[in-house]
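Each remark here refers to the structure printed beneath this line.
Since every read-out is calculated from the coordinates, none of them should be taken as a lab result. Quick caveat: nothing in here was measured; it's all calculated off a predicted structure. Reconstructed Cβ throughout: ideal geometry from the backbone, glycine too, with neighbour counts over all protein chains shown.
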Amino acid sequence: MITVALIGRPNVGKSSLFNVLSQTRQALVADIPGLTRDRNYTKIFVNQNPLWLVDTGGFEPKNKDFISFKMSEQTQIAIDECDCIFFVVDGRSGLHPIDEQIAEVIRKKNKKIILVINKTEGMNHDYIASDFVKLGIKELFFISASHREGIDDLKNSLSSINKENIENSQNDDAIISISILGKPNVGKSSLVNILVGEERFIAIDKPGTTRDAVSTFFTYQDHNFLITDTAGIRKKGKVIDVIEKFSVLKAIKSIEASNICILVIDSTEGIGHQDLQILSYIIGENKPFVIAINKWDKLDNYEKDLLKNELDKKLVFLSNIERICISATKKYGIDALLKAALVAYKSSCKKFTTPILNRFLEDIQISHLPPINKGIRPKLKFAHQGGTNPPNIIIHGNHLKGIKKDYLKFLESSFIKTFNLVGTPLVINLKEGKNPYIKDTLKPIKTGLVSRRRQIDKLRKKLKDKKNSFNQ
């Protein structure tokens with residue numbers, strides 16, 4: 001499949017163009033240089049042909065600042081692996097010395113290069129083009145990503161790209177989506193780099209390095225994964241920066257879009273209130289998940305025992321969730337983590353036949369009947385499966401409104417234990433049976449003295465009219 005990379009200096013509109021071409025809001029956009037730091041991939045279709053679109057951070061080849069240098073490394077990788085380069089420049093500010101540095105780098109690559117001059121709404125194109133002649137790129141397009149101008153022409157240019165190296169596209173249905181979540185600086189990006197097998201994301205010992213929810217693909221045991229590295233989620237009171245607020249919202253939204261979540265906990269800090277808050281987001285979305293206890297190599301045996309006891313106490317309600325001790329820097333426990341994630345995903349996708357569910361429901365009522373509520377015992381008649389990921393069991397019966405939460409919890413835990421569901425929640429929905437002998441007619445509404453007087457007057461008038469008509 002063809003890969004197109006968006007390359008350019010900071011704040012020229014690469015992420016805006018990325019969102020317009022992909023027709024999503026996948027990339028964070030703000031008038032702040034250096035917002036995008038890692039490579040961000042998405043699949044788009046041009047004339048019904050799929051291709052990969054890659055958003056990159058601001059490229060400054062000669063900037064030696066550590067973050068800028070790491071961003072440049074990511075951009076260099078995108079340049080090397082792509083088939084076509086969209087070199088994005090700012091038409092309003094004109095040719096910049098960094099644009100010339102970038103052109104010098106990409107001209108050495110044997111790639112198709114298209115100069116995309118952004119922010120040209122209401123401007124003379126011939127005048128702008130004369131400013132960028134020095135770059136030596138013949139094929140150019142004038143666009144405005146924010147005003148959606150020139151986008152169709154830009155898309156049509158992709159159809160002429162050499163398609164000799166197109167690979168068979170992956171089956172989207174076979175892709176398992178994983179979100180990596182946790183507080184800042186717990187090692188999420190380091191973990192993703194180890195899983196992917198390359199320095200895919202910038203990972204340094206500094207909180208807030210990852211600003212956006214960025215996804216990439218990798219394969220494990222013949223399974224295709226789309227893994228998303230998210231920004232660290234801090235307490236609401238500590239989130240002041242607007243960019244960080246949007247980063248946290250995208251991290252939380254990634255939970256909804258994923259098939260499975262991995263919650264990363266820093267073993268040196270233990271499990272705190274914020275870890276439990278992130279855990280509540282995952283449980284609220286009913287997503288299967290695995291807990292990865294990172295930096296395990298930094299603890300001695302006594303500290304490990306203390307942490308295990310702490311986790312047993314605070315996570316006593318998660319009896320079927322696996323906890324895997326890992327070290328992203330030492331590559332310890334990574335294989336066990338992926339196996340646990342696969343087990344959780346397969347458990348969430350299990351299907352159960354109606355006879356098996358009914359037999360389970362019958363057996364569970366023999367051992368423990370629902371408690372009597374207001375003189376009536378609820379009756380569970382039959383059950384069937386309503387969906388997967390997570391498993392959704394629908395139970396039909398009578399007087400089900402009288403079933404209390406503790407009995408539902410008993411049903412849930414019994415089901416999980418009986419069918420060996422690991423790493424996944426279970427959703428039980430109760431559906432009340434309809435009594436055919438109860439009519440849906442509305443009961444008479446109790447009226448006050450004024451309403452009663454009106455009804456009496458209306459009845460008297462009706463009788464009087466009837467009497468007059470009879471006399472006539």
- Can you give me the relative contact order of segment 354-432 as a percent, contacts being Cα pairs under 8 Å and 6 or more apart? 30 percent
- GLU303-VAL422 FRET efficiency (beta carbon distance; Förster radius 35 Å; 0.05 resolution): 0.80
- Message: Show me the ranking of peptides 46-52, 137-143 by mean Cβ neighbours inside 10 Å, starting with the highest.
- Response: 137-143, 46-52
- Item | 5 Å binning of all Cα-Cα separations within segment 330-415, expressed as whole percents from 0 upward | 3, 12, 19, 20, 14, 10, 7, 6, 4, 3, 1, 0, 0
- Item | Packing-based order for 97-103, 186-192, using average beta carbon neighbours within 10 Å, highest first | 186-192, 97-103
- Query: When the convex hull of the Cα atoms of segment 284-353 is projected onto a plane and the area is averaged over all directions, what value comes out in nm²?
  - Reply: 5.9 nm²
- Task: Tally the DSSP beta bridges in segment 2-160 and give the antiparallel ones as a percent, rounded to 5.
- Result: 30 percent
- Message: As a footprinting exposure proxy, order HIS147, HIS396 by other Cβ within 10 Å, with the fewest listed first.
- Response: HIS147, HIS396
- For LYS64, LYS112, LYS379, what's the fewest-to-most ordering of other Cβ within 10 Å of each Cβ? LYS64, LYS379, LYS112
- Message: Using Cβ counts within 10 Å as a stand-in for footprinting exposure, how do PHE86, PHE419 rank, fewest first?
- Response: PHE419, PHE86
- Message: Considering just Cα atoms, how many Å³ per residue does the convex hull of segment 40-101 enclose?
- Response: 108 Å³
- Query: When the distances between all Cα atoms of segment 2-160 are binned every 10 Å from zero, what whole-number percent does each bin get?
  - Reply: 11, 45, 37, 7, 0
